[in-house]
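Okay, so here's the structure we're looking at.
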Amino acid sequence: MAEPQTIRRASAGVHAADIDAGLRAHMNKVYGTMSVGMLITALAAWAIAGLAVTTDPAQAVAQMGNGKLLTGLGSALYFSPLKYVVMFAPLAFVFGLSAGINKLSTPAAQLVFYAFAAVMGVSLSSIFLIYTGYSIVQIFLITAIAFASLSFYGYTTKRDLSAMGAFLMMGVVGLIVASLVNWWLQSPALMYAVSAIGVLIFAGLTAYDTQKIKVLYLQLAQSGQQDFMGKAAILGALSLYLDFINMFIMLLQLFGNRD
């Protein structure tokens, strides 16, 4: 007969193996959901940008500073008061999903996330009118490589990154304030400073958020709260999605070639 201590060790080993397998599946769900959201955003941005411009002067109702001719849709999105709705709609989705996650079913929360990704695509569609396609693809690939490296570090490191959280969130608030101020000042120097600092902040948040997703899963698994796992994966995908998008935008502002 096996001794009780041996049985406990074997049981602990099996439990640890179950958690490891569950954690890998959970992280795959997070990255998978995020990737689908990124694809939706890219397709929505590309499609709207295509509908917003025309090469036929007879169909144009407005013209951008770089000479591109805009259709009625483009004029409404980029020059009418509708641009403010498009600009702030993704923020409303983020707050709504974060605050209402407990009231939504997992499929409903996932649907809201994908709707948010589509709205974000509409909001980002103007980059196709401002920057060259080659530059957008190049910066996207650079962002993807940096994001993967940082997220891998956050997942594998033994260092506790929780102390970074409050500092990084203060940095995000500072970026928002500086961006709003520069909206009025229109200072290129301030824009570059915000972009450079923003890259560092969202790089740190990528590692921090990845570790936070991992820690939350372990807490839920050990406490037996399996019913929240699906929603936790969606919230994790939202966090990493925002880190990626913001890092991409900051790098594009720093190094993107304008059309």
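FYI, it's all coordinate maths here, none of it is from the lab. No experiment lies behind these values; they were computed from the predicted model shown. Note that we place each Cβ from the backbone using ideal geometry, even for glycine, and neighbour counts take in every protein chain shown.
Normalised by the number of residues in segment 76-222, the mean separation of alpha-carbon contacts (under 8 Å, six or more apart) gives a relative contact order of 24 percent.
Taking 0.36 nm per residue of separation and subtracting the Cα-Cα distance, full extension of the segment from residue 179 to residue 84 would add 32.7 nm.
Here the spin labels are modelled as points 7 Å beyond Cα on the Cα-Cβ line, and at residue 162 and residue 140 they lie 3.8 nm apart. Taking amide H as placed 1.01 Å from N in the peptide plane, residue 53 has its amide H under 5 Å from the amide H of 71, each at least 5 places away in sequence or on another chain. A simple rule links phi to the HN-Hα coupling: the Karplus curve 6.51 cos²θ - 1.76 cosθ + 1.60 with θ = phi - 60°, which for segment 203-209 gives 5, x, 5, 4, 5, 4, 5 Hz, with x for Gly and Pro.
How high is the relative contact order of the chain? Use alpha-carbon pairs under 8 Å, at least six apart in sequence, and give a whole percent.
Reported as a whole number, the value is 26 percent.
The stretch between residue 172 and residue 104 holds 21.7 nm of extra length on full extension. This uses 0.36 nm per residue minus the Cα-Cα distance.
Assuming a ≥ b ≥ c are the square roots of the Cα gyration tensor eigenvalues, decide whether segment 53-169 counts as rounded (a/c under 1.5), prolate (otherwise, with a/b larger than b/c) or oblate. Before the final figure, lay out each step's value.
Values: a/c = 2.81, a/b = 1.61, b/c = 1.74.
Judged from the Cα gyration tensor, segment 53-169 comes out oblate (a/c at least 1.5, b/c at or above a/b).
Apply the a/c threshold of 1.5 to the C-alpha gyration tensor of segment 130-259 and tell me whether it is rounded, prolate or oblate. In terms of gyration-tensor shape, prolate. Multiplying the residue separation of residue 39 and residue 153 by 0.36 nm and removing their Cα-Cα distance gives an extension gain of 38.6 nm. Cross-link partners of residue 231 among lysines, defined as those whose alpha carbon lies under 29 angstrom from its own and excluding same-chain residues fewer than eight positions apart: 29, 103, 158, 212, 214.
For the chain, what does the helix formula give at 222 nm: sum of -39500 (n - 2.57) over DSSP H segments with n ≥ 4, over the residue count, nearest 500 deg cm²/dmol?
Details: 9 runs with 210 residues, N = 259.
After summing the helix terms and dividing by residue count, I get -28500 deg cm²/dmol.
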